[in-house]
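The values are calculated or read from the model by the stated rules, or taken from the named source; none is laboratory data. Bear in mind the structure is a predicted one, so any value in this text is a computation, not a measurement. Virtual Cβ from ideal backbone geometry, glycine too; neighbours counted across all protein chains shown.
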Amino acid sequence: MKSRTEPKTRTPRRIASDTRGENLIEILDRARDAASDRVRVLRKEEEADAVELPADGLDLAHSLEEVEIDAGLIERCEDRLRAIDDAFGRLEHGRYGICEKCKQEIQIKRLRVLPFAAYCIDCQKKRNERRRPGEGEVDEPSRHVWTPPDELKESVEE
């Protein structure tokens, strides 16, 4: 269940000459390197967790569980690498570190914590408020909650 394709890595065509630009490139480079290293470690762990046959059912089940956990972690790291790759794309087009909504600079502190952030803290808070569970397009089906018929309500209360 391993995903064998690693997101492509690229270096920016346009390299900013100011200190902020250099900081942005450094942030993305470090994040990409850390995520790539984590994927390599997890893949080694995944291989080590695979039990060799013949094995009893319990060993096999435990091994499968460990491999699945590793595969899930690898997938999350690869998603992070893709997000970092998208951030490099924004960097190439001069949009990295600029909020997609308000067009103001995103604080370096935020980018150090979340290198692929596309929104400043205020705009992200507003986006999160709009996305409460049960609201919006993504969670539309969860808005319709089944209500039991009156006959069933009475029998439960008794």
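What number of residues in segment 102-128 are under 16 Å from the mean Cα position of the chain (by Cα) and assigned to a loop (DSSP other than H, G, I, E, B)?
Residues that pass the stated criteria total 6.
Name the single residue that is farthest from residue 113 (Cα to Cα) among those in segment 47-68 being touching a residue at least 12 places away in the same chain (Cβ under 8 Å) and in a helix (DSSP H, G or I).
63
Can you name the condition, by its number, that residue 83 falls short on among (1) part of a helix (DSSP H, G or I); (2) at pLDDT below 90?
Here residue 83 clears every test but (2).
Look at residue 134 and say whether it is touching a Ser or Thr at 6+ places or on another chain (Cβ under 8 Å), loosely packed, with under 13 Cβ neighbours inside 10 Å and at pLDDT below 85.
Spelling it out, residue 134 is indeed touching a Ser or Thr at 6+ places or on another chain (Cβ under 8 Å), loosely packed, with under 13 Cβ neighbours inside 10 Å and at pLDDT below 85.
Would you tally the residues in segment 69-78 being without any contact (Cβ under 8 Å) to a residue 12 or more places away in the chain and of a type in the set (D, E, K, R)?
Qualifying residue count, segment 69-78: 1.
Return yes or no: is residue 44 assigned to a helix (DSSP H, G or I), of a type in the set (D, E, K, R) and either loosely packed, with under 13 Cβ neighbours inside 10 Å or modelled with pLDDT of 90 or more (or both)?
yes
Could you list, in sequence order, the residues of segment 86-101 that are among the charged types (D, E, K, R) and not in a helix (DSSP H, G or I)?
95, 100, 101
Assuming residue 103 fulfils every condition listed in (1) of a type in the set (Lys, Arg); (2) more than 16 Å from residue 21 (Cβ to Cβ); (3) surrounded by 14 or more Cβ atoms within 10 Å (Cβ to Cβ) apart from one, which condition is it?
(3)
Within segment 49-93, can you find the residues that are more than 23 Å from residue 33 (Cα to Cα) and of a type in the set (A, V, I, L, M, F, W, C)?
Across segment 49-93, the qualifying residues are 50, 51, 53, 55, 58, 60, 61, 64, 67.
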